[in-house]
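The values are calculated or read from the model by the stated rules, or taken from the named source; none is laboratory data. Just so it is clear, the model here is predicted, and its values are computed rather than measured. Cβ sites come from the backbone with ideal geometry, for glycine too, and all protein chains shown count toward neighbours. These accessible areas exclude ligands, DNA and RNA; they are computed on the full protein's heavy atoms, side chains included. Shrake-Rupley method; radii C 1.70, N 1.55, O 1.52, S 1.80 Å.
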Amino acid sequence: MAMLIDGKATSRAVRDEIRAETERFLKATGMLPGLAVVIVGEDPASQIYVRNKHKACEEVGFLSQVHALPEATTQEELDALVEKLNHDPAIHGILVQLPLPKHLDAEEVLLRIDPEKDVDAFHPVNVGKIMIGTDSFLPCTPAGIIVLLKRHGIEIAGKRCVVIGRSNIVGKPMALLLLRENGTVTICHSRTKDLASVTREADILVSSVGKAKFVTADMVKEGAVVIDVGMNRDEAGKLCGDVDFSAVEPHVSAITPVPGGVGPMTITMLLQNTLKAAKKAAGIA
Ligand code: NAP
C-alpha cells in the first residue's frame, strides 16, 4: 500500500512552529506579523478562501486584516488601498484575492504591491528572484509541496520529476523548485505529445491540470511518488484531485489524497512567508 502524504498533519506541525516563532518575534519586537487580505465583490469561493486565511492567521497569533470592498470599487480606490497598506508598518504581507471583478486590472494591482510585502510571490520582481535563486518568498502551493516531500522523507535530488501543467502559480514555479532541489525536471502541457510515455518516466509526478480522473494507472511508473494539486468536483459534486486515486494508489509508493494533501499546505506557506516578511522588516534574519 502506498504511503499517504498527509498534508493536514504536516500543515499542523508547521503551523505549531510558526506559532512558537511568532511568540519569539513578539517578545523581541513588541509586534505581531501582520497580513492584510483585500477582497473585492461577492465571489463565494473567494469569500471562503479569505475566511480561511483570516482563521489561519488568528490560529498562529498574527495580526489579520480583511479589507472587503464592494463590487463597484474603482481601480483608483483599489490601488489607493494597496498603496496605504504598502506604507503601513503593522502590515508585513499583502494579498489581493483573485479573481477580481472584470472591470479591475489584476496585473496592475499586483504590480503595485511592494515586493517586500508580496507574500503570494506573484510580483514580477519576486518571480525573477525565484528564477535566479535570490528569492525572499516562494509561491505557496509549490513551496508547500516541497515541504511535504521533505517531511515525508522523499528524496528529490537526482530523481526524474514530471510536472503536468505550466501555469504561473503552480506548474512553472513547481518545476523551478524541483530543479532547485536537484531533480531532473520535465514540464508537460496540453500540447505535449504522448503524455503517458513522459509521465511513466517520473519518479515524482506532480499533476496540476484541473481535470478529475486525468491521471490514470497507465500513466504512472510502479513505485512512483504522485502529488495531486488538482481541486475539482466529481460527478457527485465531491471535491477530488486530478488523479484517479483508487486506480493509481496500488501502483505507487506515496501519494497525496484530495482533500487533505496539497491543499492544507498552501495557506500554511502564506503564513510562513508573512512571518519571513515581518522578520525581514524588523531586521531579524
Ligand atoms: P491552469 O492555469 O488552468 O493550468 C492548467 C494546466 O494544465 C495548463 O498548463 C494546461 O496546459 C494543462 N493541461 C490542460 N489540459 C491538459 C492535457 N490534456 N494534457 C496536459 N496538460 C494539460 O490551472 P492552475 O491554476 O495551474 O491549477 C491547476 C489545478 O490545481 C486546478 O484544479 C486548481 O484548482 C488546483 N490548484 C490547487 C491549489 C491548492 O492549494 N491545492 C492551488 C492552486 C491551484 P496549457 O498551458 O497548454 O493550456
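Quick notes on this one:
- The condition (being under 17 Å from the mean Cα position of the chain (by Cα) and without any contact (Cβ under 8 Å) to a residue 40 or more places away in the chain) is satisfied by just one residue among Ala196, Ala175: Ala175.
- The residues in the range 52-69 that are closer than 19 Å to His92 by Cα and free of Cβ contacts under 8 Å to residues at least 40 places away in the same chain can be counted, and the count is 9.
- Contact map, the range 70-92: residues that are assigned by TED's automatic domain parsing to the domain that holds Asp43 paired with residues that are of a type in the set (D, E, K, R) and open to solvent by less than 60 Å² (accessible area, probe 1.4 Å), Cβ distance under 8 Å, separation 6+ or inter-chain. Pairs shown: Leu85/Lys117; Asn86/Asp114; Asn86/Lys117; Ile91/Lys117; His92/Lys117.
- When the range 193-220 is filtered for residues that are buried (at least 18 other Cβ atoms within 10 Å of the Cβ), more than 10 Å from the ligand (Cβ to nearest atom) and assigned to a loop (DSSP other than H, G, I, E, B), the ones remaining, listed by number, are Ala202, Asp203, Lys213, Val220.
- Scanning the range 276-285 for residues that are within 13 Å of Leu138 (Cα to Cα) and not small (Gly, Ala, Ser) returns a single hit, Lys276.
- Filter pass, Val163 being part of a helix (DSSP H, G or I), open to solvent by less than 40 Å² (accessible area, probe 1.4 Å), within 16 Å of the ligand (Cβ to nearest atom) and in contact (Cβ under 8 Å) with a residue 24 or more places away in the chain: no
- Residues that are assigned to a strand (DSSP E or B) and more than 16 Å from the ligand (Cβ to nearest atom) were ranked within the range 221-258; the one that is nearest to Met1 (Cα to Cα) is Ala254.
- Residue, farthest from the chain's Cα centre (by Cα), within the range 135-160, restricted to residues that are open to solvent by 40 Å² or more (accessible area, probe 1.4 Å) and over 23 Å from Leu271 (Cβ atoms): Gly158
- Test: residue in the range 34-46 that is part of a helix (DSSP H, G or I) and loosely packed, with under 15 Cβ neighbours inside 10 Å: yes
- The range 236-256: number of residues that are touching a residue at least 12 places away in the same chain (Cβ under 8 Å) and farther than 15 Å from Lys221 by Cβ: 7
- Test: residue in the range 247-254 that is aliphatic (A, V, I, L, M) and touching a Cys at 6+ places or on another chain (Cβ under 6 Å): no
- Verdict on Asp88 being in a loop (DSSP other than H, G, I, E, B), under 25 Å from Gly241 (Cβ atoms) and not basic (Lys, Arg): no
- Restricting the range 230-244 to residues that are touching a strand residue (DSSP E or B) at 6+ places or on another chain (Cβ under 6 Å) and open to solvent by 20 Å² or more (accessible area, probe 1.4 Å), the residue that is modelled with the highest pLDDT: Cys240
- For the range 166-192, filtering for residues that are within 12 Å of the ligand (Cβ to nearest atom), of a type outside the set (Gly, Ala, Ser) and within 22 Å of Ala121 (Cβ to Cβ) leaves 9.
- Pairs with Cβ under 8 Å, 6+ apart, first in the range 257-268 and over 15 Å from Ala13 (Cα atoms), second open to solvent by less than 30 Å² (accessible area, probe 1.4 Å) and within 7 Å of the ligand (Cβ to nearest atom): Val258/Gly230
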